[in-house]
Ligand code: PYC
C-alpha cells in the first residue's frame with residue numbers, strides 16, 4: 001500500500017494512494033458508508049500501531065463523482081469514518097502539490113460532507129473553504145458523571161461537535177490527560193442523554209475553548225477526536241463549528257480574521273462569510289509538511305498485520 005504522510009500543525013495525515021479496497025461507485029457519502037461498514041479491518045490496520053500512530057487521520061483518494069474536483073477523498077481515524085477533515089484537507093493539498101498533481105491556486109475537492117475548495121498559497125500554506133457550518137443547539141446542559149453539570153453548544157462543521165466555552169480546566173499541555181478524560185465523559189454523556197445533531201446525529205468530537213493570554217491569539221482549544229486522541233492542530237471542522245457559534249452570538253463579523261491555537265500551540269487563521277442557509281462558510285488557513293513516502297507491507301505471518309488491538 002503506497003502512502004504519503006504529512007502533518008498539519010502537528011496532526012498527522014496519511015494519504016492512501018494505492019492498495020485500498022475498491023469502494024465501487026456512487027456518491028462519496030455512499031462510498032464512505034461502504035468503507036465504514038464493509039472495510040473496518042482495512043482502515044484500522046492502516047491507523048493502528050505499529051503501522052499507524054495515535055491521532056493519525058487517513059485520507060483515501062477516490063474518483064470524484066463531481067468531475068470539476070481534482071480528487072474525491074474519504075477521511076477516517078482508527079474509530080470512525082469522518083464526514084470531512086480540515087487538517088487532513090490542508091495535508092492533502094500539500095501532498096498533491098508534492099506529487100505534482102496540483103499547482104498554486106484554487107482547486108475543488110469532494111468529500112462525503114460536500115465539495116470544499118483549497119487555495120494552495122505556497123508549498124506548505126493552504127486555505128480551505130469548508131462546507132456551510134451551523135450551530136444547531138445553544139446552551140445545552142449535560143450531567144457528566146464525576147464532573148457535574150456542563151453547558152455547551154452543538155454545532156456542525158463537517159463533523160458534529162459539542163463546544164464548551166470557557167473550558168472548566170485550563171487548556172495547557174500539562175492538563176492533556178485531564179482534558180482527555182473530561183471530554184470523553186462529555187461525549188459519553190451527550191450520547192447517553194440523546195444530545196446530538198438536528199436529526200439525532202451523535203456527537204463525535206468535543207471542544208473545550210479558552211481565551212488565549214497572547215493578545216494576537218483569539219482563543220485556544222482542546223479537541224477530542226472519535227479515537228479518544230486529541231487533535232494536535234486546532235481542528236479544521238471544529239474551528240468551522242466554532243466560527244458558526246461565534247457568528248450566531250454576534251461575536252465575530254463576516255471577513256474578520258482571528259487566530260485559533262491548539263493545546264500544543266499550533267495555529268490556524270480563521271474567518272467566515274455568511275452561508276446561503278443561515279450558517280457560515282468558513283475559511284481555514286494553516287500549514288502542512290510532508291514527512292514520509294512509504295509502502296506499507298502486510299505479511300501473512302505477521303501477528304500484528306491487523307494492528308495492535310488491546
Ligand atoms: O481538522 O477537521 C479536522 C479534524 C477532524 C479530526 C481530526 N482533525
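Given their separation in residues at 0.36 nm each and the Cα-Cα distance between them, residue 25 and residue 66 gain 13.6 nm when the chain is fully extended.
Sorting the segments 244-251, 303-310, 85-92 by their mean number of nearby beta carbons within 10 angstrom, highest to lowest, gives 85-92, 244-251, 303-310.
Could you compute the FRET efficiency for residue 211 and residue 79, with r as their C-beta to C-beta distance and R0 at 25 Å, rounded to 0.05? For R0 = 25 Å, the calculated efficiency reads 0.20.
Using the Cβ-Cβ distance between residue 181 and residue 38 with R0 = 45 Å, the FRET efficiency computed as 1/(1 + (r/R0)^6) comes to roughly 0.85. With 0.36 nm allotted per residue and the present C-alpha distance subtracted, the residue 123-residue 291 stretch has 59.1 nm of extension available. Compute the distance from the alpha-carbon center of the range 19-42 to that of the range 60-87, in whole Å. Centre-to-centre distance over Cα atoms comes out at 11 Å. Ranked by the mean number of other Cβ atoms within 10 Å per residue, highest first, peptides 277-288, 131-142 order as 277-288, 131-142. Peptides 119-127, 96-104, 224-232 ranked from most to least packed, by the mean per-residue count of other Cβ atoms within 10 Å: 224-232, 119-127, 96-104.
Here each label is just a point 7 Å from Cα along the line to Cβ, and for residue 251 and residue 306 those points are 4.4 nm apart.
Rule-based calculations on the coordinates, nothing more; no lab input. These figures come from a predicted structure and were not determined experimentally. Don't worry about glycine lacking a Cβ; one is built from the backbone with ideal geometry, like all the others, and counts go over all protein chains shown.
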